[in-house]
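Visitor: Sharing a structure below in structure tokens format, with a few things to ask.
Please treat every number below as a calculation from the coordinates, not as lab data. From a predicted model like this one, the values you see are computed outputs, not experimental measurements. Positions of Cβ are backbone-derived with ideal geometry, glycine not excepted, and every protein chain shown enters the neighbour counts.
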Amino acid sequence: MTTVLVVDDESGVRDLLSDALHFAGYDTEVASQGREALDIWRLKRIDLCVVDINMPTMDGFEFLETVRKSDLTTPVLLLSARDSSEDIARGLRYGADDYVRKPFSVEELLLRVGAILRRTQGAEAEVLTYTCGPLSMDTDRHEVNFDNDVIELSATEFRLLEMLMGRLGRLVTREQLLRDIWGMDFETETTVVDTYISYLRRKVHRDNFTPITTVRGVGFKMIAPPTSA
């Protein structure tokens, strides 16, 4: 069974999330702060972490940063009571796969959880390789290379790049990305797509190679560089 680790110092939130996740068919582990959560994460198989940012002893950022030093694949969804784009950007920069603002709708949170798990542990996928100039992607090995350098990506960054490289030269709309990566089929003011595109560009744009282009107001394209005659 899929196991979700819920980390929050508020007992009411922990109970609410644990009950909702159980009802949705997930097993859960719970922790009241980051250090306790790290012990559980190290000892048990965890498929997804749902972590509050504001906690004593070790906050959500510290937990995420510690996990990402040795694990780039276990997805982490951050909960934030702060209405601050800086906090959200910081979490995504540290390797979070998604975020939900408090107070949250249980239905929305379960949609986000389901979307993350579908893209990180779904049924056996077709093994594909993609190339775009010096950039290559192997979906079976979950590896991206720029020439001979390995580029480290989170699960969400990998899925985003996979969508762009799999539609090389074609428009991918923000609506498509929100639906297929974040599981959002409703209108939203979230800037998560643009934030992730920004971080992806920082990792794959180098040596005058800038393949991810913005189609203003619509979405994005990945453009292969011209080949020499």
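Visitor: Computed from these coordinates, which is Cα extents along the principal axes in Å: [x] 43, 37, 30; [y] 65, 36, 33; [z] 69, 57, 29?
Guide: Given [x] 43, 37, 30; [y] 65, 36, 33; [z] 69, 57, 29, the calculated one carries the label [y].
Visitor: Something else about it: Given DSSP loops and a limit of at most 11 other Cβ atoms within 10 Å, what is the longest stretch of the chain that contains no such GluC sites (Glu not before Pro)?
Guide: My reading of the result: 1-123 is the longest stretch.
Visitor: Return the aspartates and glutamates within reach of K69: Cα separation strictly under 12 angstrom, same-chain partners fewer than 8 residues apart disregarded; answer none if there are no such residues.
Guide: Hits, sequence-local ones excluded: E152.
Visitor: Here's a follow-up. Using helices alone, what [θ] at 222 nm do you get for the chain, with -39,500 (n - 2.57) per DSSP H run of 4 or more residues, divided over all residues and rounded to the nearest 500?
Guide: Here the helix-only value at 222 nm equals -12500 deg cm²/dmol.
Visitor: Same structure, new question: Compare S70, S18, S32 in a GNM of the chain, Cα atoms joined below 10 Å, and give the one with the largest fluctuation.
Guide: S70
Visitor: Can I ask one more? Mind checking the stretch 139-229 for trypsin sites (Lys or Arg not before Pro) that DSSP puts in a loop (not H, G, I, E or B) and that have at most 16 other Cβ atoms within 10 Å?
Guide: R141, R167, R170, R216
Visitor: Pick out which of T131, T120, T57 has the largest mean-square fluctuation in a Gaussian network model of the chain, springs linking Cα atoms closer than 10 Å.
Guide: T57
Visitor: Pairwise over distinct Cα atoms, reciprocal of the mean inverse distance: report the Kirkwood radius of the stretch 3-121 in Å, one decimal place.
Guide: 13.9 Å
Visitor: Also, I was wondering about something else. Give the residue list of chymotrypsin sites (Phe, Trp or Tyr not before Pro) in the stretch 150-222 that are DSSP loop and have at most 11 other beta-carbon atoms within 10 angstrom.
Guide: Answer in residue order: F186.
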